Structures are given as C-alpha cells and as structure tokens.
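**Student:** Before we start, here is the structure in question, set down as structure tokens.
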Amino acid sequence: MRILVIGTGYVGTTTIMAFAEMGWKITGLDTDTRKVSMLRKGVLHFYEHGLEDMLVKHLKTGNITFTSDSEQAIKAHDIIFICVGTPSNPDGSADLSYLKKVANEIGHSMNGYKLVINKSTVPVGTLEKVARWIQSSQIEPQTFDVASNPEFLREGNALVDALHPDRIIIGTQSDKAAIQLRELYQSMGCPVMLTTPRTAELIKYASNAFLATKISYINELSRLCDQLGVSIIDVAQGMGLDSRIGHSFLQAGIGFGGSCFPKDVTALIHTAEDLDSDLSILEKVMSVNQSQTMYVLNKARKQLSGFRHRRIALLGLTFKPDTDDMRQSPSLRILDKLLKEQAYVTVHDPVAKLTLDSRRNWKQCKIPEQALQRADAVILCTAWPLYSELDWSRMKHIMNKPNIIDGRNMLDAKLMRSLGFHYQGVGYE
Ligand code: UDX
C-alpha cells in the first residue's frame with residue numbers, strides 16, 4: 001500500500017511514525033517547506049516525547065519520506081490520510097478551511113482510485129462534505145472512497161497511544177475501504193470497530209467531552225471537599241475502585257486546557273445548538289472549568305489579602321507535563337489575572353518559553369529556585385515531576401512567605417506543613 005499523510009503537525013507526524021514502526025512505507029506531505037526540510041534532517045518542529053528518535057530511526061530504515069509537492073504526492077499514493085488542523089472559529093464552531101483546501105487538492109490531482117481517510121477532529125457530517133469537495137474539484141471523474149478514522153492521542157504520550165491504542169474506529173460506507181483499513185491496522189491487536197462515518201466522528205467528540213466532564217465533575221466536587229474537610233484525593237481513590245468508574249481523569253486541579261478538550265467540547269455544544277438539541281451538561285463542564293481556575297487563584301488572593309505588589313512564583317506554563325504546549329493552558333489565565341491585579345510574577349517552566357510584553361511586571365526564570373526567591377506565595381500550575389522533587393525545606397528559606405497553592409495536588413500536604421509551609425491544595429487540605 002502506498003500511504004500518504006497530509007499534514008505534519010502533531011497528529012500527522014505521530015501517525016507517520018506509528019505506520020513506519022508497523023513496517024509500512026509512508027510519505028508525509030506538508031506545504032510548509034521549512035517543516036519538510038527540518039523533518040528530512042530528522043528534526044521535529046514541535047516537542048513530543050520519543051517522536052524525534054523515531055523520526056531519525058525511520059529516516060534510516062527508509063520507511064518514511066517527506067515532500068511538499070502536493071500534486072505529485074497525491075498522484076503517487078492511493079491511500080491518503082488527512083491530518084490537518086481544525087481550529088475553532090470565534091463562535092466555537094470548527095474551522096474546516098484547511099480540510100476543504102486539502103480535499104480540493106486531492107480531487108484536482110487524482111489520477112486513479114484513492115482511499116481518503118480523515119483523521120482530523122471534525123463535526124459530524126464533515127466526511128460527507130469531504131467527499132463532495134473531492135468530487136466537485138475533479139478534472140476527470142475518478143473513483144474514490146472516504147473514511148473517518150479519528151485519533152485519540154494524548155500529547156506527551158502520543159507515540160505510545162498510537163502504537164498501543166485502546167481501539168481503532170473506522171467509519172466508512174465502503175467495504176473496500178474497510179478491508180484496506182483493517183489490513184493497515186492488523187498488527188495492532190486491539191478492538192477494531194467498524195461503523196458509519198457520522199458515528200465515528202461523534203465517537204471522537206463524545207469521548208473527549210466525556211473525559212472533560214469527568215474532570216469538571218471532580219473539580220467541582222473538590223470545592224465541596226474544601227468545605228467538608230474531606231480529601232478529594234481519597235474520594236477519587238474510593239470512586240475509582242469501582243470498575244465502572246475507573247481511576248483516570250479524576251485528578252482535581254486548576255482545570256483542563258490544551259488544544260483538544262476546550263475546542264472539542266465547544267464544537268460539540270455548537271453542533272447541538274445548530275440542531276436545536278440540548279447538551280447543557282457540556283456548557284456546565286466548560287463554565288466549571290473556567291471558574292475552577294479562578295477558584296484556585298482565589299485561595300492565593302485570600303491568603304495574601306490581594307495581589308497588589310505581591311511577589312508570586314508561578315510554576316508550570318504548559319497545560320500538562322511532558323509537552324511544550326501552552327494552548328488554553330489554565331496557567332496563562334492565572335498569570336494574566338495576577339498581572340492585572342498588579343502582582344510581580346516570576347514564572348518557571350522546564351520547556352515552554354513565554355513572549356509577553358517586556359514592560360509588564362513579570363520575569364521568566366531558568367530554574368525554579370530563582371522563581372521562588374523572595375516570593376510571597378508559589379502557585380503550582382503544571383505537575384512537572386521537577387517541582388515535587390524540589391528541596392522544599394530549602395525553598396522555604398529562600399521564599400519571603402511560606403505560602404504554597406498547589407493547583408495540581410502534587411505535593412504531600414502533611415510533609416509541607418511539617419516543613420512550616422501554609423499549604424493549600426484543591427479539595428485537599
Ligand atoms: C486529550 C485526550 O486525552 C486525547 O484522547 C485526545 O486525542 C486529545 O485530547 P490531551 O489534550 O493531550 O489529550 O491531554 P490529556 O492528557 O487528556 O489532558 C487534558 C487536560 O486535562 C490537561 O490540562 C490535564 O492537566 C487535565 N486533566 C487530565 C486534569 O485536570 N485531570 C485529570 O484527571 C486528567
């Protein structure tokens with residue numbers, strides 16, 4: 001099979017590496033020539049654990065090649081995965097312009113049968129549009145099939161998720177497409193669900209929205225735990241022992257971020273609204289997520305009786321550890337609020353770099369110790385292991401006041417108190 005992946009972003013590149021590792025020959029196409037030349041040299045244009053090593057490995061095995069010539073690439077391959085971005089429009093709907101452009105290019109360059117598979121996260125019904133866009137841009141009529149094959153990759157864990165998925169979802173009306181996709185994934189050894197394109201598209205959104213719901217639920221519950229003097233960590237532990245609930249996505253904190261959950265939950269709400277259907281539970285998921293960040297910040301505000309002229313150390317900028325991604329990161333909402341309330345903020349993140357207005361009252365530090373120097377409080381925003389490994393008894397002496405607001409419940413509350421800190425977790429005091 002001659003496989004082409006269009007789009008060498010996070011999903012596209014991971015898909016390329018996973019197929020290469022399975023032993024397939026695969027080509028990555030991107031119109032950004034800078035990205036292509038970097039990839040050819042074995043350099044990733046974004047950070048994802050393990051992916052660059054895999055890139056180097058399969059450039060050597062010859063399983064992967066990269067190109068920026070769309071027309072030639074489309075002509076030379078018969079299985080085409082679309083992995084382009086579907087960002088949010090200002091109204092929360094998904095922007096399908098990249099997808100449309102690619103579908104038009106495929107239609108225009110077709111020289112025989114093609115199986116076109118969409119991996120980008122798209123609203124229900126989009127695959128039908130993709131088929132229409134391909135059809136309408138054909139110069140000469142050619143046969144083709146379309147399929148939806150959503151990905152469920154987590155940033156920071158993408159390669160492992162791609163190589164060891166819980167399930168493969170294939171949404172297509174074509175038997176030929178289903179057979180080809182089954183063959184492609186046969187070495188995976190996980191359940192393969194064959195369904196309609198619309199169902200596949202909804203499974204992706206519904207899965208992300210459900211996980212986001214779990215997080216907002218545990219976050220809102222954490223506020224009640226604060227009132228009751230009960231630990232949310234213990235409650236989550238007890239709940240998770242029920243196999244119907246499970247332990248994952250029950251960690252209370254400052255809220256979820258990233259390029260997927262906020263965008264996908266909003267897009268699903270938008271789809272429901274368009275159809276005069278109600279998904280009010282998801283509206284609440286989003287509003288709890290916003291207010292949770294402020295709820296945690298408020299703990300610091302109360303402790304310090306306001307932020308004006310206070311020196312605050314903010315540890316962690318990325319939306320979660322093991323990524324350099326700051327998109328929709330709750331840390332940035334916290335930073336923004338602190339600066340608006342005239343705090344002086346010393347920021348640290350082991351990977352991400354901020355480029356804010358240099359006149360503003362903040363500084364990015366190279367090491368956490370530097371950020372904690374003379375701080376009136378530290379707010380832990382991202383659960384980088386580096387922060388739990390700090391010598392906190394030494395940190396206490398370099399801080400101005402020993403206030404810790406642990407937005408990820410990553411430190412041991414008892415230990416911190418025994419060291420003399422005023423420690424506040426989230427539903428965990
Ligand atoms: C998510 C989905 O997990 C993945 O299947 C999908 O393909 C893309 O979106 P990702 O955005 O990489 O992946 O991150 P994930 O690990 O799911 O975490 C998302 C956010 O939720 C992070 O901000 C994280 O800190 C937060 N989170 C997660 C919690 O606050 N508590 C939890 O218990 C779990």
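One line per residue, one yes/no per condition, for (1) of a type in the set (Val, Ile, Thr); (2) surrounded by fewer than 12 Cβ atoms within 10 Å (Cβ to Cβ):
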{"site": "Asn219", "(1), (2)": "no, no"}
{"site": "Gly258", "(1), (2)": "no, no"}
{"site": "Asp264", "(1), (2)": "no, no"}
{"site": "Thr271", "(1), (2)": "yes, no"}
{"site": "Ser277", "(1), (2)": "no, yes"}
{"site": "Val285", "(1), (2)": "yes, no"}
{"site": "Val288", "(1), (2)": "yes, no"}
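**Student:** Determine whether Asp324 is within 16 Å of the ligand (Cβ to nearest atom), more than 27 Å from Val230 (Cβ to Cβ), charged (D, E, K, R) and at pLDDT 95 or above.
**Tutor:** no
**Student:** I'd like to check which helices (runs of 4 or more DSSP H) are fully inside segment 1-64 and have at least 1 residues that are of a type outside the set (S, T, N, Q) and within 16 Å of Asn157 (Cβ to Cβ).
**Tutor:** 10-21, 51-61
**Student:** Restricting to segment 325-357, name every residue that is of a type in the set (Asp, Glu) and within 16 Å of the chain's Cα centre (by Cα).
**Tutor:** Matches in segment 325-357: Asp325 only.
**Student:** Can you spot a residue in segment 165-185 that is more than 16 Å from the ligand (Cβ to nearest atom), buried (at least 17 other Cβ atoms within 10 Å of the Cβ), assigned by TED's automatic domain parsing to the domain that holds Gly85 and under 24 Å from Asp53 (Cα atoms)?
**Tutor:** Within segment 165-185, one or more residues are more than 16 Å from the ligand (Cβ to nearest atom), buried (at least 17 other Cβ atoms within 10 Å of the Cβ), assigned by TED's automatic domain parsing to the domain that holds Gly85 and under 24 Å from Asp53 (Cα atoms).
**Student:** Among the candidates Ser243, Ser231, which residue alone is within 24 Å of Ser287 (Cα to Cα) and in the same structural domain as Arg333 (by TED's automatic domain parsing)?
**Tutor:** Just a single option satisfies the conditions, and that option is Ser231.
**Student:** What's the number of the only condition in (1) buried (at least 21 other Cβ atoms within 10 Å of the Cβ); (2) part of a helix (DSSP H, G or I); (3) of a type outside the set (Gly, Ala, Ser) that Ile254 fails to meet?
**Tutor:** (2)
**Student:** Looking for whichever is hydroxyl-bearing (Ser, Thr, Tyr) and touching a Leu at 6+ places or on another chain (Cβ under 7 Å) here; the options are Thr61, Thr14, Thr65, Thr33. Which one fits?
**Tutor:** Thr14
**Student:** Further question: Considering (1) outside any loop (DSSP other than H, G, I, E, B); (2) farther than 21 Å from Asn409 by Cα, say which one Arg327 fails and leave the rest.
**Tutor:** Going through (1) outside any loop (DSSP other than H, G, I, E, B); (2) farther than 21 Å from Asn409 by Cα one by one, Arg327 breaks only (1).
**Student:** Could you list, in sequence order, all residues of segment 223-251 that are within 15 Å of the ligand (Cβ to nearest atom) and outside any helix (DSSP H, G or I)?
**Tutor:** Ile245, Gly246, His247, Ser248, Phe249, Leu250, Gln251
**Student:** Could we say that Asp161 is within 15 Å of the ligand (Cβ to nearest atom), surrounded by fewer than 20 Cβ atoms within 10 Å (Cβ to Cβ), at negative phi and not in a helix (DSSP H, G or I) here?
**Tutor:** For Asp161, the condition - within 15 Å of the ligand (Cβ to nearest atom), surrounded by fewer than 20 Cβ atoms within 10 Å (Cβ to Cβ), at negative phi and not in a helix (DSSP H, G or I) - is not met.
**Student:** State whether the residues of segment 395-404 include one that is assigned to a strand (DSSP E or B) and out of contact with any Gly (no Cβ under 8 Å at 6 or more places or on another chain).
**Tutor:** yes
**Student:** Right, here's the next one. Give the residues of segment 232-271 that are touching a residue at least 40 places away in the same chain (Cβ under 8 Å) and of a type in the set (S, T, N, Q), sorted by residue number.
**Tutor:** Passing the criteria: Gln251, Ser259, Thr266, Thr271.
**Student:** Moving on to the next point. Within segment 342-387, which residues are assigned to a helix (DSSP H, G or I), buried (at least 17 other Cβ atoms within 10 Å of the Cβ) and within 16 Å of the ligand (Cβ to nearest atom)?
**Tutor:** Once the filter is applied, which keeps residues that are assigned to a helix (DSSP H, G or I), buried (at least 17 other Cβ atoms within 10 Å of the Cβ) and within 16 Å of the ligand (Cβ to nearest atom), segment 342-387 yields only Tyr387.
**Student:** OK, next. For segment 77-149, which strands (runs of 3 or more DSSP E) that fit wholly inside it have 2 or more residues that are among the small types (Gly, Ala, Ser)?
**Tutor:** 144-148
Results for (1) in the same structural domain as Val146 (by TED's automatic domain parsing); (2) in contact with an Asp or Glu (Cβ under 6 Å, 6 or more places away or on another chain); (3) within 29 Å of Asp145 (Cα to Cα); (4) surrounded by fewer than 20 Cβ atoms within 10 Å (Cβ to Cβ), shown as yes or no for each residue.
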{"position": "His45", "(1), (2), (3), (4)": "yes, no, no, yes"}
{"position": "Met54", "(1), (2), (3), (4)": "yes, no, no, no"}
{"position": "Asp69", "(1), (2), (3), (4)": "yes, no, yes, yes"}
{"position": "Gln72", "(1), (2), (3), (4)": "yes, no, yes, yes"}
{"position": "Ile80", "(1), (2), (3), (4)": "yes, no, yes, no"}
{"position": "Asp95", "(1), (2), (3), (4)": "yes, no, yes, yes"}
{"position": "Asn104", "(1), (2), (3), (4)": "yes, no, yes, yes"}
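**Student:** Looking only at residues in segment 412-427 that are outside any helix (DSSP H, G or I) and surrounded by fewer than 21 Cβ atoms within 10 Å (Cβ to Cβ), which one is farthest from the ligand (Cβ to nearest atom)?
**Tutor:** Among them, the one singled out is Gly420.
**Student:** Shifting gears a bit: Testing Lys129 on (1) crowded, with 19+ Cβ neighbours inside 10 Å; (2) within 29 Å of Glu273 (Cβ to Cβ), one condition comes back false. Which one is that?
**Tutor:** In the conditions (1) crowded, with 19+ Cβ neighbours inside 10 Å; (2) within 29 Å of Glu273 (Cβ to Cβ), Lys129 misses (1) alone.
**Student:** Kindly indicate the residue of segment 327-341 that is away from the ligand (no atom under 11 Å from the Cβ), in contact (Cβ under 8 Å) with a residue 24 or more places away in the chain and surrounded by fewer than 19 Cβ atoms within 10 Å (Cβ to Cβ) and also farthest from Gly257 (Cα to Cα) among those meeting that condition.
**Tutor:** Glu341
**Student:** Looking at (1) part of a helix (DSSP H, G or I); (2) over 25 Å from the mean Cα position of the chain (by Cα), which one does Ala200 not meet, given that it meets all the others?
**Tutor:** The failed condition is (2).
The values are calculated or read from the model by the stated rules, or taken from the named source; none is laboratory data. Values in this document were obtained by computation on a predicted structure and should not be read as measured data. Ideal geometry is used to build each Cβ from the backbone, glycine not excepted, and the neighbour counts take in all protein chains shown.
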